[in-house]
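Colleague: Structure provided below as C-alpha cells; questions to follow.
Any read-out appearing in this document is the output of simple, stated calculations on the displayed coordinates, not a laboratory observation. Please read all numbers here as calculations on a predicted model, not as lab measurements. In this analysis, Cβ positions are derived from the backbone assuming ideal geometry, glycine residues included, and neighbour counts consider all displayed protein chains.
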Amino acid sequence: MLSRRSLAVTALFLSCLAASAKDKKKNLLPADVLQAQTVLVVIDPNAGMSVEDPNANRIAREDVEKALMKWGRFSLAMEGSTADLIITVQKGNGKTVQPTISGVPVNNRPVVFEPTDSGGRIGGRQGTSGNAGDPSNPQSSAPEPQLAIGQTQDMFVVYRGNKVDPNTAPLDSPPVWRYTAKDALQSPGVPAVEVFRQLIAESEKQQATKGP
C-alpha cells in the first residue's frame, strides 16, 4: 500500500503534468495572428550596437528575413504601418554584461532587392518615419558608449502590428510570442523561425478541431 507521502508526491507530479499541458495550450497563437499576411522584422530598438560585433544584429535581422521569405507564408513589410505582425530580433553572445553603443539608428536600411525561390523584396528605409511609434523609424540620439546588462541569448519576439491599433505603438503592447535560445537566430537554419512555423502549424491544427 502506498504511504501518504508517496500519494502526495504522485498527486503533485500529476498536477505538474496537468499544469504543463495547460500552459502549452495557452501558448498557442490566437486567430488574428494566424490570419496575418505581412510581417516587419526589426532590430530591438532597445538593443545597442555591440562594440565587439557591430553587425551582429543587422545580420540576424537579414537572416530572419531570408528564412521568412524561404518559408513563404508572409510578405515582408518595410514599415510598421503596413505590417500585420512585427518581429524584433536581438543577438546574444553569452555575456551578461557587454560594451555597446547607444543612439545608433539600428533600423536604418539601404535600398535592397533580394530574390528568393518564393519571390523577393524591394525596399529600404532612410530618414524618419511619419509615425513616431513605428519601430522601423530610424530615429537616433547622439551615439555614446554604455554597458548593456541582461540578454545573453538570441531573442525573437512577435508583436501585433500597427494595423490593429494605429494609436498605440506596437512595441508598447505585450508581445504575442517570445522565443529565447542560444543561436536561435543563427543562419542558415534560423531555429527561431522554424519554431515559430511549428507553433503556427500546431495553432492552426487546434483551431481546426474547434471548428467555427
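Colleague: Starting from the amide H of Ser75, placed 1.01 Å from N in the peptide plane, find each other amide H under 5 Å away whose residue is 5 or more places distant or on another chain.
Modeller: Excluding prolines and chain starts, which carry no amide H, the hits are Thr38, Val39.
Colleague: Just order 55-65, 69-79 by mean Cβ neighbour count inside 10 Å, highest at the front, would you? Spell out each step's value before the answer.
Modeller: Numbers: 55-65: 19.9, 69-79: 16.8.
Order by mean packing, descending: 55-65, 69-79.
Colleague: Oh, and also: Determine the alpha carbon to alpha carbon distance for each of Lys70/Lys210; Lys70/Lys95; Lys70/Lys205 and list only those over 27 Å.
Modeller: On the way: Lys70/Lys210 30 Å; Lys70/Lys95 31 Å; Lys70/Lys205 22 Å.
Cα-Cα > 27 Å for Lys70/Lys210; Lys70/Lys95; rest within.
Colleague: Could you give the length gained by full extension between Gln198 and Arg73, i.e. 0.36 nm per residue of separation minus their alpha carbon distance, to one decimal place? Numbers along the way, then the final one.
Modeller: Values: separation 125, 0.36 × 125 = 45.00 nm, distance 1.23 nm.
Residue separation times 0.36 nm, minus the Cα-Cα distance, leaves 43.8 nm.
Colleague: Want the number for Asp183 to Thr168: 0.36 nm per residue separation, take away the alpha-carbon distance, what's left? Spell out each step's value before the answer.
Modeller: On the way: separation 15, 0.36 × 15 = 5.40 nm, distance 3.16 nm.
Full extension from Asp183 to Thr168 adds 2.2 nm.
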